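Presented below is the structure to which this report refers.
No lab work stands behind these numbers, since they all come straight from the coordinates. Source: prediction; values computed, not measured. Positions of Cβ are backbone-derived with ideal geometry, glycine not excepted, and every protein chain shown enters the neighbour counts.
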Amino acid sequence: MGRRSMKRFVFLENHSVYSLCEGTIFISELASFARSRGYRYLSLCDTNGFYGIMHFIHACEREGLCPIISSRLKNHSFSAIMVARNMRGYAKICSLITGLLGERSFDVKREILKGNTGDY
């Protein structure tokens, strides 16, 4: 990939220190690194939550980056990265996370497939 096309490329699965045992970088360092490489967009993908979202949004604002809000939903039989396309998508992902963490028998795959996926 050329340098020009890399600026439009976005890694969706960036874990920070807020994703225990999955990320080792502080959000401010992640945003600075992305900016230094010429990226315009940055994604944060906490597992089963939006743990670092406020720090992430503020860091992106400071660095002039457009934040992409996402979460990896994961249980014993399913794993998917969900990207919020708008506030309704964010709310739907929050509901999926709540079900996933609150009910042992929650079928996250079924809930994703039955919903309108235009928001995520």
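For the chain, the Stokes-Einstein estimate of translational diffusion at 10 °C and a viscosity of 1.306 mPa s comes to 106 µm²/s, using the Kirkwood hydrodynamic radius over alpha-carbon pairs. As a rough guide to protection, the peptides 43-54, 67-78 ranked by mean Cβ packing within 10 Å, highest first, stand as 43-54, 67-78.
Proximity of backbone amide H atoms, modeled 1.01 Å from N, is registered between N14 and C45 at under 5 Å, excluding neighbours fewer than 5 places apart on the same chain.
Expressed to the nearest 5 percent, the antiparallel share of DSSP beta bridges inside the chain is 40 percent. As a proxy for reagent exposure, R8, R88, R35 were ordered by neighbouring Cβ count within 10 angstrom, fewest first; the result is R8, R88, R35.
Extending 7 Å from Cα along the Cβ direction at F9 and again at R40 yields two label points whose distance is 1.7 nm. Taking the C-alpha atoms only, the angle from helix 27-36 to the longest principal axis of the chain is near 50 degrees.
The C-alpha atoms of the chain define a longest principal axis, and helix 87-102 lies at about 50 degrees to it.
Rounded to the nearest 10 degrees, the angle from helix 53-63 to the longest Cα principal axis of the chain is 20 degrees. With a Cα cut-off of under 16 Å and a minimum spacing of 8 residues unless on different chains, the lysine pairs in region 3-119 number 4.
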